[in-house]
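> Dropping the structure in here first, questions after.
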């Protein structure tokens, strides 16, 4: 492992894609702030690092402004700066609910986390990165391939992930003057707890059920690490990583 003095902050780091990214960054020699609503899973991930002083677990709710500010303050207090934000925390509505039956409360929860939460973390990262010396940093938003193409019965998740692409494009433009590079990773069918139903049969656009291929979630972690390690003179604005044979391109 080649160690670095650089610092990454990963939201939703206690499980799934966030955990894979945090572990890849730690293995790549980064200092990593692991953020999520539940502290114990974050501490469990941090304990997997052979250099525990390089990891910091912080309980935070990205949908709450004060919690996001406190998270970034804790990161700077511990490590002095933030070089990369992996803006990963996300939520989806209950599966299988028809658009016309989706409760407003379920819609609002997804918007609060996937869109407002991502904005709050983006905004705070801008505030930190423009003030630190040397100025600048990188932000990687988790868009999902739902930022491009929906699944049936996914209006809240798909709408917010399309919104993430707007956040990415605007923040990429607005970050230029601060040497902040903003990009997006769109992930398809990584093997996590959230994608288990893809391996037993998931609804397709033609109203049939089909088992879909998945890929090792560690591959996503390596993609995030690649983007994080780029020099700030280069930016991957949109990066799609997906199970090769999943139904995405074409008609299935």
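The values are calculated or read from the model by the stated rules, or taken from the named source; none is laboratory data. Quick caveat, the model's predicted, so the values are computed rather than measured. Using ideal geometry, Cβ is built from the backbone for each residue, glycine included, and neighbour counts are taken over all protein chains shown.
> Condition first: at pLDDT below 95 and either in a strand (DSSP E or B) or within 10 Å of the chain's Cα centre (by Cα) (or both). Now tell me which residues in region 2-15 satisfy that.
none
> Then there is this: Quickly run through region 192-228 and pick out the residues that are part of a helix (DSSP H, G or I), surrounded by fewer than 16 Cβ atoms within 10 Å (Cβ to Cβ) and out of contact with any helix residue (DSSP H, G or I) (no Cβ under 7 Å at 6 or more places or on another chain).
Across region 192-228, the qualifying residues are 196, 197, 199, 226.
> If you don't mind, there's one more thing I want to ask. Out of all the residues in region 93-128, which are touching a helix residue (DSSP H, G or I) at 6+ places or on another chain (Cβ under 6 Å) and under 20 Å from residue 229 (Cα atoms)?
Answer for region 93-128, where residues must be touching a helix residue (DSSP H, G or I) at 6+ places or on another chain (Cβ under 6 Å) and under 20 Å from residue 229 (Cα atoms): 122, 128.
> More than 19 Å from residue 224 (Cα to Cα), in contact (Cβ under 8 Å) with a residue 12 or more places away in the chain and not in a loop (DSSP other than H, G, I, E, B), is that true of residue 61? Walk me through it before giving the result.
On the way: more than 19 Å from residue 224 (Cα to Cα): yes; in contact (Cβ under 8 Å) with a residue 12 or more places away in the chain: yes; not in a loop (DSSP other than H, G, I, E, B): no.
Spelling it out, it is not the case that residue 61 is more than 19 Å from residue 224 (Cα to Cα), in contact (Cβ under 8 Å) with a residue 12 or more places away in the chain and not in a loop (DSSP other than H, G, I, E, B).
> Might you check whether a residue that is part of a helix (DSSP H, G or I), within 18 Å of residue 220 (Cβ to Cβ) and modelled with pLDDT of 95 or more occurs anywhere in region 140-161?
yes
> Which one of 70, 66, 75 is farther than 29 Å from residue 197 by Cβ, in contact (Cβ under 8 Å) with a residue 60 or more places away in the chain and part of a helix (DSSP H, G or I)?
Only one candidate passes the filter, namely 75.
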